[in-house]
1. Taking the residues in the range 404-444 that are closer than 18 Å to LEU338 by Cα and polar (S, T, N, Q) as candidates, determine which candidate is modelled with the lowest pLDDT.
2. Could you please give the count of residues in the range 144-154 that are in contact (Cβ under 8 Å) with a residue 40 or more places away in the chain and surrounded by fewer than 21 Cβ atoms within 10 Å (Cβ to Cβ)?
3. Please go through the range 345-365 and pick out each residue that is in contact (Cβ under 8 Å) with a residue 60 or more places away in the chain, in a helix (DSSP H, G or I) and open to solvent by 10 Å² or more (accessible area, probe 1.4 Å).
4. So SER177 passes all but one of these: (1) open to solvent by 50 Å² or more (accessible area, probe 1.4 Å); (2) hydroxyl-bearing (Ser, Thr, Tyr); (3) in a helix (DSSP H, G or I). Which condition number does it fail?
5. Just to be sure I understand, how many residues within the range 107-164 are among the acidic types (Asp, Glu) and either within 28 Å of THR564 (Cβ to Cβ) or at pLDDT 90 or above (or both)?
6. Determine whether the range 715-727 contains at least one residue that is within 19 Å of the chain's Cα centre (by Cα), farther than 18 Å from GLU387 by Cβ and assigned to a helix (DSSP H, G or I).
7. Quick check, is ILE283 open to solvent by 40 Å² or more (accessible area, probe 1.4 Å), in a helix (DSSP H, G or I) and hydrophobic (A, V, I, L, M, F, W, C)?
8. I'm trying to understand the selection: among the residues of the range 649-668, which are surrounded by 19 or more Cβ atoms within 10 Å (Cβ to Cβ), in a helix (DSSP H, G or I) and under 29 Å from the mean Cα position of the chain (by Cα)?
Amino acid sequence: MKTRLSIVDRFFDKVVLAHPVVVLLCVFIATGVIAMHANELKIEASPDTLVQRNNEDYLYYQKTIDRFGYDDFLLIACSLGSSKDLLSDDVLSMIAGLRDEIEDLERISSVVTILDVPLLESPPMPLGELVKNIRTLSSPDVDRQLARKELATSPIYRHLLVSPDLKTTALQVNFKSDPEYEKIWDQRQKLRLRAEERGLTVAEKSEMASLQRLIDKHWSRIEAQRAEDIAAIRHIMKDYEKDADLFLGGASMIANDMMHYIQNDLKVYGSGVVLCLILVLWIIFRRVRWVVLPLVSCGLAALATTGLMGFFGWKVTVVSSNFIALQLIITMAISIHLVVRYRELITQNPGKSHYELTRQTISAMKTPCIYAGLTTIAGFGSLLFAEIKPVQTFGWMMSAGILVSLVVTFIFFPAALVLFKKAPLPKGGVSPIALPRWLAVFTHRHGRLIIVVSLLALVFSASGISRLRVENAFIDYFKSNTEIYQGMKVIDQKLGGTTPLDVIIDFGAKSSEDKGDNFSASGGEFDEFDEFEDTTDSDKYWFTPHRLGRIEALHAYLEEFEHTGKVLSLATLNRVAERITGGPLDTFDAALLFNELPEEYRGMLVKPFASIEHNQARISIRVIDSHPELRRSALLEEIGRDVVGDLGFAPDSIHLTGMLVLYNNVLQSLFGSQIMTLGLVVLALMVMFMVLFGSFRIALIAIFPNLLATGVVLGALGWLNIPLDIMTITIASISVGIAVDDTIHYIHRFRREFEKDRDYLKAMHSCHGSIGYAICYTSIIIIIGFSILATSNFIPTIIFGVFTGLAMFIALMAALTLLPQLIVWIQPFGPPAPAAGADRDQAF
């Protein structure tokens, strides 16, 4: 270790400080070259980015899309005033005008409204006549009173197309498909299925990577087109907002708006942090050089990191949109430690040369700063164990960013500083801020109180952590004044829910290609006699009373949950038909209804819920995301248990899929991985402490204040009933990684001060009067930096910023009270001098 450190010292002496101009030119050139890749940095905002893409559930979800179809569409929720009638000429004319203007857009295939859907009971008629003479509200001979009754009571349209009070309706805006993109997508899907079955050859892996690049390229084009289309639709909607309250919703709209949120957050976080840093640096140091040097270090590190992200293809998501703010905060913390150490040295040794003061500053701070950087990397590195790509990417971003910050700061800062004239002595001493010295006196006088309060905090933490829960209410991710929130709320409460959940019923494999899909129901409830079971090659007779009865039983069960909104399946159309005929359908009536409907209506009412080729039926559920009692994981477990135990389905004949399942998997996986990796982070930190300080006792002392800070924050989340989500679940590991920096700097300095006269209390006061100020300054900057995240439109980011800032504040207090008290009490550096030992016993 000594040899390595001497080599580093010689590098600074013979290169960085001896040739500062050349070094600075190299730094600027290298940063410029790397930063050229910054324009390759991409933003990804689709909700799909938050799911696990290579597990069984995601692959099955993709199969479901292939078999039952998936349309890219937007929803416009139209809410009328209390005095307006949905079926009045004025309102229907307004809806028709809005529909027609949007349909005129180049990339819109259709807009489905209440004017376009089939009216099956207005008036009721025999099925044979109905399928040949279907009316809509646009039909000239339609009876609007019958239509009003049908829309308000229909199992198909109530809570889907219209609200029960007929004051809210929906317009579905369907985008045209992109054949070229779909062709590439299908090719990749085949390779994914092949990888699941037998793995891929080297050539196939290369083909998969090539297809992924093509998909990314096409998707970038599609996203740009969607942004244009959404802007055009919103422009059209403005002309109709005088007639009704209009809210735009849908996955494409959410992705588009989140893209803008991320872009805005990147600007606000970066500029906000810079302005705060300038203000704080000036207040603390009152010298231009101590403002300019840290800021330039931050700028160079941020530019280099952004370039690296573009080079490696790391995409910015809502999870990592705060990376610039974090990069600036961490770089600034390193710079402040260097500034404070230089000012301390010049105060103690005013006669030394500027060169020597700069050299001693770097020599004294490189070891604690490097270890502090490594511990922060350990905290962010824990995110690499998550199975969600955006979280993993965030871990890579910050780990690389911290390394860049260390390299840039320790090369640029001394090379630039040595070109300045020797700094004047700080006015009023090292710092005008009295907090560190006040905390030293408080710790000296109230050591027992600090221990007692810390133990009480541990109890508070443990009880709060036991109350933590993992939830994923997507609507709660956004502020109430955003269009995403407002649109989701209307759809959630009046139009049948927002979060999709699908239940797939497998009636048995039809072809050999599906036998590997675990879809066989042999030996199960579907082996019973059915008069047309021997004619499964005939699509006409697939819709048998037996299958429809099984679908109806499960459909009715799913409707009983208070958390489920609209439930759609073949049973929905079957119920309408039974209302028309006055009783259950026989096989011929069912075949007539499901097969003879006009193709455009089969696409709405039949094809999304039956895959005859694969002998499967789909039940589509929209879960009420805003329901306060909704527990997603418990809901999925209850459904899975009851359909087998109470409804008698074979376990392998029922599959739950959809975004609710995928998002729930994300959170459950994150919770498990972060709990596991938090333990690994703590273990890694313990090992680093033992290597740095050479003592197991010191390692235990060092880790305790940091665990206390993290525990209190997690406990507060539990007591405040704030559920863990995609971002707050990472607070623990990140907080430990950042907060531990204070501990390293303090103990490293304490040992040096103690070696002077072996007096623990005197060493404590000396540390508070020196490194204590640097810890205080860096903590203030970190807390302010995280508080800027509260400006986001994304609620998890706000909570992440507030509670991580709280963790940093608690870590600051613990580092300057509990940590020195534990050192004074346990005496890990050996026995003190006799007189100092008596003082210590008296203090505690």
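The values are calculated or read from the model by the stated rules, or taken from the named source; none is laboratory data. Since the structure is predicted, the reported quantities are computational estimates derived from the model, not experimental observations. No Cβ is skipped: glycine too gets one built from the backbone with ideal geometry, and neighbour counts run over all protein chains shown. Heads up: the accessible areas ignore ligands, DNA and RNA and are worked out on the full protein's heavy atoms, side chains in. Shrake-Rupley method; radii C 1.70, N 1.55, O 1.52, S 1.80 Å.
1. Of everything passing the filter in the range 404-444, SER431 is modelled with the lowest pLDDT.
2. 2
3. Within the range 345-365, THR347, HIS354, TYR355, ARG359, SER363 meet the criteria.
4. It is condition (3) that SER177 fails.
5. Within the range 107-164, residues that are among the acidic types (Asp, Glu) and either within 28 Å of THR564 (Cβ to Cβ) or at pLDDT 90 or above (or both) number 3.
6. Looking for residues that are within 19 Å of the chain's Cα centre (by Cα), farther than 18 Å from GLU387 by Cβ and assigned to a helix (DSSP H, G or I), one finds at least one in the range 715-727, hence yes.
7. yes
8. MET659, LEU660, VAL661, LEU662, TYR663, ASN664, ASN665, VAL666, LEU667 - these are the residues of the range 649-668 that are surrounded by 19 or more Cβ atoms within 10 Å (Cβ to Cβ), in a helix (DSSP H, G or I) and under 29 Å from the mean Cα position of the chain (by Cα).
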